[in-house]
1. Output the number of residues of the stretch 404-423 satisfying the condition of being of a type in the set (S, T, N, Q) and assigned to a strand (DSSP E or B).
2. Could you please let me know if residue 291 is farther than 28 Å from residue 174 by Cβ, surrounded by fewer than 16 Cβ atoms within 10 Å (Cβ to Cβ) and of a type outside the set (Asp, Glu)?
3. Identify, please: which residue in the stretch 411-444 is within 23 Å of residue 222 (Cβ to Cβ) and at pLDDT below 95 and is, among those, most open to solvent (accessible area, probe 1.4 Å)?
4. Six or more apart or on different chains, Cβ atoms under 8 Å: show the pairs whose first residue is in the stretch 312-333 and within 15 Å of residue 100 (Cα to Cα) and whose second is in a loop (DSSP other than H, G, I, E, B) and basic (Lys, Arg).
5. In the stretch 437-464, which residues are at positive phi and not in a loop (DSSP other than H, G, I, E, B)?
6. Quick check on the stretch 513-530. Is at least one of its residues basic (Lys, Arg) and touching a helix residue (DSSP H, G or I) at 6+ places or on another chain (Cβ under 7 Å)?
7. Among the residues of the stretch 330-358 satisfying the criterion of being closer than 17 Å to residue 285 by Cβ and of a type in the set (D, E, K, R), which is least open to solvent (accessible area, probe 1.4 Å)?
8. Testing residue 500 on (1) open to solvent by less than 50 Å² (accessible area, probe 1.4 Å); (2) in contact with a strand residue (DSSP E or B) (Cβ under 6 Å, 6 or more places away or on another chain); (3) assigned to a loop (DSSP other than H, G, I, E, B), one condition comes back false. Which one is that?
Amino acid sequence: MFRFKSRAGCVWDLAPRRGTAERKVKATEKRRNSQTTGLTVGKQIESLDSPLEIFIICAQGVCSFFQTPQERDTAKGEEMSTGRFRSGGRDKCRLHMVTWNVATAEPPEDVSSLLQLDVQPPTDLYVIGLQEVSSSPVRFISDLLMEDSWSHVFMDTLAPRGFIKVTSVRMQGLLLLVFAKQVHLPYIRDIQTTYTRTGIFGYWGNKGGVSVRFSFYGHMVCFLNCHLAAHMNYALQRVDEFEYILEAQDFDISESPHVLDHKVVFCLGDLNFRIADHGLHFLRSSINSGRLNLLWSKDQLLMMKKNEAFLQEFEEGPLNFKPTYKFDRNSDTYDTSGKKRKPAWTDRILWRIKPKDLPSEDDEKASTSTTDGQDEYPIMVTQDKYTSDMSYGVSDHKPVIATFSLELRKCFDTPMVHISPVGVWSGDQDAVLTYTVQEDFMSSTWDWIGLYKVGFKSASDYETFVWVRENELPETNEVIQISVDKDEIPLLGGQYVLGYYSTNMGSIIGLSSNFQILESKRAVMEGLVPEIINGINK
């Protein structure tokens, strides 16, 4: 480990740059000694209660950022949201991303405009990064015990449209949410989250970043939600924090143990870069006249990118929307307070495609360079939209939206577990289901199968569940039968689906087709529905 003096004059303990075996060894030592260094990488506090793992993540943060590839050739593929894939062809996934510094405000009642729910072609994945979610001690503890208000409003809006919350990660005011269409759930695997704090010399999580990584149809992707140091004069510190987070964050995945090992990395957040040099009058006059291009050359992020090689690996769409900070609340008017903050593009969404070769300091082939298999299954990213939504005024920031087309060839299209209900299901009799492991994976006797009402919000939103076979782990292609007690089956009936939840993979890896549960005769006896005699409700 060596002592690193940052551009901003801070001194941090950092491992050598990635790409050599020595860096990996020293990075491991650094993480082991993280409690005595200036910055720490947090780990999830994991406890298992009921069949669900409840992850409680405290005080830490992540910073990263992304850019859009320039003009990339795209081949037409059927929309992934239809659940259909062309054999041997390339397929498109539509990704909708939102970043918003909510300034401790409560969510608005309607977020449909923010999510653009009726856009065509339809969205497959939503990734939402929030900063400054209210995190007072009492509020933060209550949010650990149940979903926070922002998560609730997004789940309530997206669940009726068939989107399920895949995972989330929270570090004080930073919150990152990932939603996917139900059809994609069995193909989102190896989900892991982490966080890094950079506030108060790395001991406080009011600044930093949170990240989620997973395999999507076999492609390794990573999303990072960041909140970097504020104020005009701290541009160098923001770059240092970003570089530190890229070095520090790690995952327990051999194929992509670090952020930059992933095929695609997206960064969103309040990166806090400002517009330098220009006076307030010139800024506002350029914005009001629509001459935003006059401000680009003094945008601190674009300026820093010219001199920082690692920043040049990230892409970003053109800033053709008004600066999103700072506004008077509930208005479209820039700051009229005594401070009169200069407008700035603080809120950004960027991305990075993993280069085929990452040279090490010794000019050798890096250990994280592209494998032969990656060339066979490339992924292309095209940004379709990059804008802000000026209609929301609960915060002094406006939300920023980016939509992408991810063009890829799926590495697999078979779920790890096949599940089916057997026969008729109703609350009048015990029911039966079968499951078959179709692909070897690290199964556990803590795995479980949940019964979900169609339109469920997350893996924890089950009506009931049964543990998988407890006495021994199943063999591949072995058909296993499990009974479900009739008292656990909903009396009112409706459309339901069965899902196999893998504790080790942290996700649902198998879903049945939707099926009907019949209304139970006991529902009438217990007064849940009116009894109908000769066409008359009794």
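The values are calculated or read from the model by the stated rules, or taken from the named source; none is laboratory data. Since we're looking at a predicted model, the values are computed, not measured. Here the Cβ is made from the backbone with ideal geometry for all residues, glycine too, and neighbour counts use every protein chain on show. Just the protein is used for accessible areas: all its heavy atoms, side chains included, with ligands, DNA and RNA removed. Shrake-Rupley method; radii C 1.70, N 1.55, O 1.52, S 1.80 Å.
1. 2
2. Working: farther than 28 Å from residue 174 by Cβ: yes; surrounded by fewer than 16 Cβ atoms within 10 Å (Cβ to Cβ): yes; of a type outside the set (Asp, Glu): yes.
It is true that residue 291 is farther than 28 Å from residue 174 by Cβ, surrounded by fewer than 16 Cβ atoms within 10 Å (Cβ to Cβ) and of a type outside the set (Asp, Glu).
3. Here the residue is 442.
4. 322/398; 324/398; 325/341; 325/398; 326/341; 327/398
5. To start, the set of residues in the stretch 437-464 that are at positive phi comprises 455.
Within the stretch 437-464, none qualify.
6. Among the residues of the stretch 513-530, not one is basic (Lys, Arg) and touching a helix residue (DSSP H, G or I) at 6+ places or on another chain (Cβ under 7 Å), which makes the answer no.
7. 335
8. Of (1) open to solvent by less than 50 Å² (accessible area, probe 1.4 Å); (2) in contact with a strand residue (DSSP E or B) (Cβ under 6 Å, 6 or more places away or on another chain); (3) assigned to a loop (DSSP other than H, G, I, E, B), only one is false for residue 500: (3).
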